[in-house]
Amino acid sequence: MPMFVRSSARSGRDAVFAAVDLGATSGRVITGRVGPGSLALTEAHRFPNTPVRLPDGMRWDVLALYQGVLDGLRTAGLAGPVDSVGIDTWAVDYGLLDADGSLLGLPFHYRDGRTTDAVEKVLSVCGKRELYAIGGLQHLLFNTVFQLAAHRTRAQWGAARTLLLIPDLLVHWLTGTVGAEITNASTTGLLDASAGTWSDALIGRLGLERSLFPPLREPGSPAGALLPHVAEYTGLGPGTPVTTVASHDTASAVAAVPATGPGFAYVSCGTWSLAGLELSAPVLSEESRAANFTNERGVDGTVRYLRNIMGLWLLEECRRAWERRGGSPELPELLARAAGARPFAAVIDPDDEAFLAPGDMPARIDAHLARTGQRPPDGPGGYVRCVLESLALAHRRTLRGAAALAGVEPDRIHLVGGGSRNELLCQWTADATGLPITAGPAEATALGNVLMQARAQGMVGDLMEMRRLVARTQELRHYTPQGNQRAWDRASARLEQIRTAPGRSEPV
């Protein structure tokens, strides 16, 4: 259990927490006001997250992101005192520091293609079965373990002394402290899924220096206090604490699922759809590995047993492609067209590797459909319907698989994140799975971040109390299955044929 770093519950006075939440396309600083029975968010600052394609690969502009964080904290502070700061981001990516603590180049983007050859190098030392038995991770080309194997071939590797995942790097710049938050560390492939510690044996076998990997931190523990120059720039009080939250954004989102009891499934839906269950222990069976499920840490030692699905990235890349060709209807109009398009005219496998990199997504969908003997959709509405129906089918396949492998039977799905605003996706996920959906909150990640800070200061209790507070204070919508179950069954069978067809791209 994480320790409470302060016991300063405020006898009726609201506290304000700054949640730094960085996603794949934008970053936000959100303030959360927490009081007895109350929880409200306000967006203080939003800024773009624009990757940079350099001659040697695709990189994150982490300096611009850090400046956005500082500006956001300054804006948050203008509204009044801030009691704590917490940071969450996407997973797997990292920065390397030299002996002086200086960053060795911009961090690579997980969509960079440099890991293709590195995967085989890792598997020649430690096969898929052994990797899974230790780390319990879904096999993804961009897992940190594969990124590190690719990085070792570069000249700068010899100067590296410390590896910090992106949220840990930002915490380091804010506080000067070094650590590895455990929910994000669990996405590297180098954390022992059963013991919850770095796997020294695996790190050594792969030829990595154990000293690269900092001490682990649990959500709710102290990360340090703002450095003087940071406090001066942001206007926040000297010594403002930075609290370790569940720094993997999905872990924060799952912590804020508004469940009032056990037995639920979840879909954290945004750029990616993370669909799965919350368990008390990892599932490390050979059947689980073959089905490509991942075991990632959650708050209070829970396990997020899930699969990564490509998510609304597919839709957003379609919209960007249409914009480049001279304009695209706004999302509400696209969804209206999708609602009127022919059901199940085309089905794609969202996990196809061909959809991973940025680019002309409609053309890639066309190629995928041609390869699987299907015709292209009819206009933008048809493409949107194809994407959303295919995502709903992927949610169904993933959640049913997780339930079978874990030996549990969920009675409800909580769909959180930006995708919870997409009524078609919510309804079609209910129809495809045959389970009721509770949609929302859309800002689950920021809520989980804020609540972990509030909990560290003694203002809220255990994980269930955090979730009850979300359920009482946030806007939620409910969907019941309404569609033709036989039609969804037939579409699911088509998707399974596509997934197992010869010549398909490997899943990410």
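Please verify whether segment 255-265 includes one or more residues that are under 23 Å from Ser26 (Cα atoms) and part of a helix (DSSP H, G or I). Checked segment 255-265: at least one residue is under 23 Å from Ser26 (Cα atoms) and part of a helix (DSSP H, G or I).
For segment 223-240, filtered to residues that are closer than 30 Å to Ala159 by Cβ and not β-branched (Val, Ile, Thr), the residue that is surrounded by the fewest Cβ atoms within 10 Å (Cβ to Cβ) is His229. Taking residues in segment 270-288 that are over 21 Å from Ala253 (Cβ atoms) and of a type outside the set (Gly, Ala, Ser), and partners anywhere that are at pLDDT 95 or above and in a loop (DSSP other than H, G, I, E, B), the pairs with Cβ atoms closer than 6 Å and at least 6 places apart or on different chains are Leu284/Gly136. Total residues in segment 42-65 satisfying the condition of being among the aromatic types (Phe, Trp, Tyr) and touching a helix residue (DSSP H, G or I) at 6+ places or on another chain (Cβ under 6 Å): the figure is 1. Note on segment 38-121: enclosed strands (runs of 3 or more DSSP E) holding 1 or more residues that are touching a Leu at 6+ places or on another chain (Cβ under 6 Å), in the same structural domain as Ile182 (by TED's automatic domain parsing) and over 27 Å from Thr188 (Cβ atoms) are 38-48. Quick one: Ala370 ticks every box in (1) touching a helix residue (DSSP H, G or I) at 6+ places or on another chain (Cβ under 9 Å); (2) farther than 23 Å from Ala24 by Cβ; (3) in a helix (DSSP H, G or I) except a single one, so which number is it? The single condition Ala370 does not satisfy is (1).
Does segment 183-190 contain any residue that is more than 25 Å from Ile309 (Cα to Cα) and buried (at least 20 other Cβ atoms within 10 Å of the Cβ)? No, segment 183-190 contains no residue that is more than 25 Å from Ile309 (Cα to Cα) and buried (at least 20 other Cβ atoms within 10 Å of the Cβ). Selection of segment 84-137 for residues being more than 30 Å from Ala281 (Cβ to Cβ), surrounded by 14 or more Cβ atoms within 10 Å (Cβ to Cβ) and of a type in the set (Asp, Glu) yields Asp98, Asp112.
Looking at segment 400-508, the helices (runs of 4 or more DSSP H) lying wholly inside it that each contain 1 or more residues that are farther than 27 Å from Asp88 by Cβ sit at 423-433, 485-499. Of all residues in segment 403-425, exactly one satisfies the criterion of being touching a helix residue (DSSP H, G or I) at 6+ places or on another chain (Cβ under 8 Å), within 26 Å of Glu475 (Cα to Cα) and of a type in the set (Asp, Glu), namely Glu423. So which residues in segment 432-483 are in contact with a helix residue (DSSP H, G or I) (Cβ under 8 Å, 6 or more places away or on another chain) and without any contact (Cβ under 8 Å) to a residue 24 or more places away in the chain, if there are any at all? Gly461, the sole residue that qualifies. Kindly evaluate Val267 against the criterion of being among the β-branched types (Val, Ile, Thr) and touching a strand residue (DSSP E or B) at 6+ places or on another chain (Cβ under 8 Å). So Val267 passes the test. Count of segment 190-234 residues, restricted to those that are assigned to a strand (DSSP E or B), in contact with a Phe, Trp or Tyr (Cβ under 8 Å, 6 or more places away or on another chain) and in contact (Cβ under 8 Å) with a residue 24 or more places away in the chain, is 3.
Here's the yes/no breakdown for (1) buried (at least 20 other Cβ atoms within 10 Å of the Cβ); (2) outside the structural domain of Ala471 (by TED's automatic domain parsing); (3) free of Cβ contacts under 8 Å to residues at least 40 places away in the same chain; (4) closer than 26 Å to Val254 by Cα:
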position	(1), (2), (3), (4)
Gly359	no, yes, no, no
Gly373	no, yes, yes, no
Pro377	yes, yes, yes, no
Cys386	yes, yes, no, no
Arg400	no, no, yes, yes
Arg412	no, no, no, yes
Gly417	yes, no, no, yes
Glu423	no, no, no, yes
Ala430	yes, no, no, yes
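Scan segment 42-69 for residues that are farther than 27 Å from Gln147 by Cβ and crowded, with 18+ Cβ neighbours inside 10 Å and the total you get is 2. Set side by side, the residues Leu148, Leu212, Leu236 differ, and just one is in contact with a helix residue (DSSP H, G or I) (Cβ under 7 Å, 6 or more places away or on another chain) and outside the structural domain of Val299 (by TED's automatic domain parsing), which is Leu236. Residues that are among the aliphatic types (A, V, I, L, M) and under 23 Å from the mean Cα position of the chain (by Cα) within segment 52-84 comprise Val52, Met58, Val62, Leu63, Ala64, Leu65, Val69, Leu70, Leu73, listed in sequence order.
Can you tell me how many residues in segment 142-159 are outside any helix (DSSP H, G or I) and either within 23 Å of the chain's Cα centre (by Cα) or buried (at least 22 other Cβ atoms within 10 Å of the Cβ) (or both)? Selection size over segment 142-159: 2.
The values are calculated or read from the model by the stated rules, or taken from the named source; none is laboratory data. No experiment lies behind these values; they were computed from the predicted model shown. Quick reminder, even Gly has a Cβ in these numbers, built from the backbone with ideal geometry, and neighbours come from all protein chains shown.
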